[in-house]
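The values are calculated or read from the model by the stated rules, or taken from the named source; none is laboratory data. Predicted, not measured: the structure shown is a model, and the values here were computed from it. Neighbour counts are summed over all protein chains in view; Cβ atoms, including those assigned to glycine, are modelled from backbone coordinates with ideal geometry. The protein model used for the area step is the full one, side chains on, heavy atoms only, and it has no ligands, DNA or RNA in it. Shrake-Rupley method; radii C 1.70, N 1.55, O 1.52, S 1.80 Å.
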Amino acid sequence: AEKVENLEDWKSVKTLDPEKGNFGRQLEALRHIVNELSGETFIIDTVFNCFAYAERITGKRTMELLRENRDAFHEVMKRVAMTLCDWAEATIQQGCAGIYFALQGASADVMTEEEYRYEFLPYDHKVLSYVENAARFNVVHLHGDNLYWDIWQDLPFHALCWSSNLTPPTIAEARKSFCGCIIGGVNERDIGIYSRERVKEEIRQAVIDNVDHGLIVAPGCAVPT
């Protein structure tokens, strides 16, 4: 469906071919990037999770449709998940090392933790598991504020990213329960007004807080253009 306004529109959403449309154009871009940079660095592409795509398709009415008819809602979500599985696999087949899986919705600002774990987390697990064996470097990015941060415990991935300078936990707090690679340490919202020394200080603190575990220094989310 081009525009989903109700449950009947939602039922018309189909699986998509990753070689066609916007996905196909993105794959073509990835082919050029991989050809130019192959062997120099890991290349990963952003894959938004099923909840994020449902929000885009429905104009942020996902929870409304879920509560209207759970069975019908999930029949379509299975198609969305399969589309994203195929897309993630296609990016790796192009030579990407893995995916940057942007996980939206696992936040107290959006729904309860029970709702997320029961209704949406299985789709996150499905997509990541689908490419688990083929990927060398899958990143889980927990997006937003007031996160259900330990949702990562149920997912297969190589590195974890969230806005550690803006929303709990800090890197130091996270190290009490997570010993894998962390991506973060830089405040993406304020970096545009920081001095060079302020940026360096944030990075120094991230290294100190990390305590001898894997760390990739980066913004916690996209830097506003």
Separation of the stretch 49-63 and the stretch 161-216 by C-alpha centroid, Å?
29 Å
Please list, in chain and number order, the residues 5+ apart from residue 185 or on another chain whose amide H is under 5 Å from its amide H, with Hs placed from the backbone.
164, 165, 218, 220
May I ask for the angle, rounded to the nearest 10°, between helix 21-37 and the longest principal axis of the chain, with both axes built from Cα atoms and the value confined to 0 to 90°?
30 degrees
With every protein chain in place, what's the accessible area of residue 119 (1.4 Å probe, Å², nearest 10)?
20 Å²
Per-bin percent of Cα-Cα distances, the stretch 92-225 [10 Å]
12, 41, 35, 12, 1
Accessible area of the chain with a 1.4 Å probe: how many percent of it is carbon plus sulfur?
49 percent
Starting at the first residue of the stretch 88-102, write each ³J(HN,Hα) from the Karplus equation 6.51 cos²θ - 1.76 cosθ + 1.60 with θ = phi - 60°, in whole Hz, x for Gly and Pro.
4, 5, 5, 5, 6, 5, 6, x, 5, 7, x, 10, 9, 8, 7
Spelling it out for residue 215: with amide H atoms placed in the peptide plane at 1.01 Å from N, the residues 5 or more places away or on another chain with amide H under 5 Å from its amide H are 182
Using θ = phi - 60° and the Karplus relation 6.51 cos²θ - 1.76 cosθ + 1.60, list the HN-Hα couplings for the stretch 154-171 in order, rounded to whole Hz, with x at every Gly or Pro.
9, 10, x, 6, 10, 8, 10, 10, 7, 7, 5, 8, 10, 9, x, x, 6, 4
Efficiency of FRET between residue 132 and residue 205 - r from beta-carbon atoms, R0 25 angstrom, step 0.05:
0.15
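Normalising by the residue count of the stretch 111-222, find the relative contact order in percent from Cα pairs under 8 Å and 6+ residues apart.
Details: 149 pairs, mean separation 27.3, N = 112.
It rounds to 24 percent for the stretch 111-222.
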Give me, ordered by chain and number, the residues 5 or more places off residue 47 or on other chains with an amide H under 5 Å from its own placed amide H.
100, 101, 102
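Using a 1.4 Å probe, what is the accessible area per residue for the chain, in Å²? Before the final figure, lay out the partial values.
Values: 11720 Å² over 225 residues.
Ligands and nucleic acids excluded, the result is 52 Å² per residue.
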Quote the relative contact order of the chain in percent (integer), defining contacts as alpha-carbon pairs under 8 Å separated by 6+ residues.
16 percent
Considering only DSSP beta bridges with both partners in the chain, what is the antiparallel share in %, to the nearest 5?
5 percent
What Rg and what Dmax come out for the stretch 1-129 when only alpha-carbon atoms are used, in angstroms?
15.7, 49
With each label point set 7 Å from Cα along the Cα-Cβ vector, what nm distance links residue 175 and residue 68?
4.9 nm
Cα axis of helix 196-210 to longest principal axis of the chain: angle in degrees, 0 to 90, nearest 10?
80 degrees
Residue by residue through the stretch 113-122, the couplings from Karplus 6.51 cos²θ - 1.76 cosθ + 1.60 with θ = phi - 60°, in Hz, x for Gly and Pro, are 4, 4, 4, 5, 4, 7, 9, 10, 4, x
